[in-house]
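Below: the structure, in structure tokens.
The values are calculated or read from the model by the stated rules, or taken from the named source; none is laboratory data. For clarity, every value in this text was computed on a predicted model and none was experimentally measured. No Cβ is skipped: glycine too gets one built from the backbone with ideal geometry, and neighbour counts run over all protein chains shown.
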Ligand SMILES: [Zn+2]
């Protein structure tokens, strides 16, 4: 790996800017630094139109921007500042940095030191490894993906949910009913979803392969079985086949369940609108299909858009589809399950957070063998299952396509928050490090059980009056003050509306969930596949880390890998180092203190899911490819 800063230092700024301007669209970069830092920057960059009064520098050069990003992130992270990319527009990046007030004083003392470091960075040659390691910054936005996300329509999402509600009761068991009014019941809903995927396909010149996974579920045994006689279940899915023959076997998948339930899970006739649970998830799947198929993007890998039934009876539909996927050899790299993503809007509800969606992921893989469990326990890998790395990839994507604001996150009970001034994206995933909510399950688990990485998206706060409930209004019953001594004002007596009605769903919120899903699907389907056979050597007692891996099938010639890492106590990746070529690297960082991953990246910056290395005693490079 070269030494970019030492190299740049010998070029005059004007030569450099001209070269980059001819090769790239001009980047107009505003870098707003806290004034204590700014002085050293503006001193070092004398002549670069740094405005010492406004604390900004304007640099018309994308390479200098890269340098500033790296410098800012490395230095500010060390000083416990909170840098983040600001609003990003085509060819324009605004980089803002907020200062943790608690550290302002100590930073002031260190200003001189920072200036010295910056001076050294700019004027002197630098060891390549020291500079190549950098704090992770968001990948550059892909204009085609951004354009697709802009097409996500809350109106279409609302229309999808409204249509699904018209089937009255979408209980999976209703497929056995013969007395349903026409146009109601679960099979009518399946027909509509199939027709809708077909319409989407027609609009893209039959780009989708629309299919039914249609089967008879045998009755379950045991007193808690929710399927008492053979029951027809229909999953509907549409495949957008990858355009690269070498990568088309790779698949990423988005799903929601279209069956619904009322209070009695065996009741097939009472109204069960299921607007939030889970017409909202089906609407995400449909809308992702619409905007990605109409985007004009050629995805090398395949994308599968799914709506399953049987969820409320025991995940029967997704179980069948996951087993089908395994039997047919689908190379599923990501399953995004959306279940209850309506952003419940209930008057007076102070618990909801419309800026957040929870992303649940299992820690220890459901399919881990005894040997694998032993290694997970030995090396502390219980927080690095493939599903959890997928959840981290969702966060990585979100930082590119959802731009931070300078507002505090809403504070709701149970939501951790700090006194630090933080840049909080207007919409962002919150990683929940557990498979699912307490005592509850979802379709992602069916895929986990077949060994596929899968996560669940769910709104921040569920309103249990609006799921799994018959539609009804409970009369107002004034609560006696003695029952609620914590209430100092009279408790209002208002009727309570029960039922999963569309009036409680926020289409704008569902649209944000759809954008996050679509962005994740698009990035992962455009990125090279994740590296295979990622290993960390434990052959020597030393404080280095030797990593090696095999490229995935169909790895493009212009793609590369990068190492990511974080503290063992950190939730998401914090640092990265590019690997210019080859399939191994030795880092002078102790593997004992850090968690490493390896991921693929293409020249446009599309990043694969990271892969956690398994420990091996092998020490020599290259390793022979592991047996399949
Ligand atoms: Zn559900």
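Applying the criterion of being part of a loop (DSSP other than H, G, I, E, B) and within 14 Å of the ligand (Cβ to nearest atom) to the residues of the stretch 462-473, the residue that is surrounded by the most Cβ atoms within 10 Å (Cβ to Cβ) is 467.
Here 144, 195 are screened, and the one residue that is without any contact (Cβ under 8 Å) to a residue 40 or more places away in the chain and outside the structural domain of residue 567 (by TED's automatic domain parsing) is 195. Annotation: residue 324 fulfils all but one of (1) in contact with a strand residue (DSSP E or B) (Cβ under 7 Å, 6 or more places away or on another chain); (2) away from the ligand (no atom under 16 Å from the Cβ); (3) closer than 20 Å to residue 518 by Cβ; the unmet one is (3). Screening residue 232 against (1) within 15 Å of the ligand (Cβ to nearest atom); (2) farther than 30 Å from residue 147 by Cα leaves a single unmet condition, (1). Annotation note: of 261, 251, the sole residue that is in a loop (DSSP other than H, G, I, E, B), in the same structural domain as residue 455 (by TED's automatic domain parsing), modelled with pLDDT of 95 or more and buried (at least 21 other Cβ atoms within 10 Å of the Cβ) is 261. Filtered by the rule that a residue be in a helix (DSSP H, G or I) and more than 20 Å from residue 319 (Cα to Cα), the stretch 194-231 gives 195, 196, 197, 198, 199, 200, 201, 202, 203. The requirement of being in a helix (DSSP H, G or I) and within 16 Å of the ligand (Cβ to nearest atom) is fulfilled somewhere in the stretch 285-305, by at least one residue. Among the residues of the stretch 264-275, is there at least one that is within 16 Å of the ligand (Cβ to nearest atom), within 21 Å of the chain's Cα centre (by Cα) and over 16 Å from residue 175 (Cβ atoms)? No, the stretch 264-275 contains no residue that is within 16 Å of the ligand (Cβ to nearest atom), within 21 Å of the chain's Cα centre (by Cα) and over 16 Å from residue 175 (Cβ atoms). Whether any residue in the stretch 328-348 is away from the ligand (no atom under 16 Å from the Cβ), without any contact (Cβ under 8 Å) to a residue 24 or more places away in the chain and not in a loop (DSSP other than H, G, I, E, B) is what I want to check. Among the residues of the stretch 328-348, not one is away from the ligand (no atom under 16 Å from the Cβ), without any contact (Cβ under 8 Å) to a residue 24 or more places away in the chain and not in a loop (DSSP other than H, G, I, E, B), which makes the answer no. One residue stands out among those in the stretch 442-461 that are at negative phi and assigned to a loop (DSSP other than H, G, I, E, B): the one that is nearest to the ligand (Cβ to nearest atom), which is 442.
Of the residues screened, residue 212 is not one that is over 17 Å from residue 335 (Cα atoms), within 16 Å of the ligand (Cβ to nearest atom) and in contact with a strand residue (DSSP E or B) (Cβ under 7 Å, 6 or more places away or on another chain). Exactly one residue out of 289, 381 is surrounded by 23 or more Cβ atoms within 10 Å (Cβ to Cβ) and touching a helix residue (DSSP H, G or I) at 6+ places or on another chain (Cβ under 8 Å): that is 289. Within the stretch 329-339, is there a residue that is more than 17 Å from the chain's Cα centre (by Cα), at negative phi and at pLDDT 95 or above? Checked the stretch 329-339: at least one residue is more than 17 Å from the chain's Cα centre (by Cα), at negative phi and at pLDDT 95 or above. Hey, among the residues in the stretch 204-236 that are without any contact (Cβ under 8 Å) to a residue 60 or more places away in the chain and under 33 Å from the mean Cα position of the chain (by Cα), which one's surrounded by the most Cβ atoms within 10 Å (Cβ to Cβ)? In this case the residue turns out to be 210. The set of residues in the stretch 146-167 that are in a loop (DSSP other than H, G, I, E, B) and under 12 Å from residue 515 (Cα atoms) comprises 151, 152, 153. Summed over the stretch 349-361, the residues that are more than 14 Å from the ligand (Cβ to nearest atom) and more than 17 Å from residue 252 (Cα to Cα) give a count of 9.
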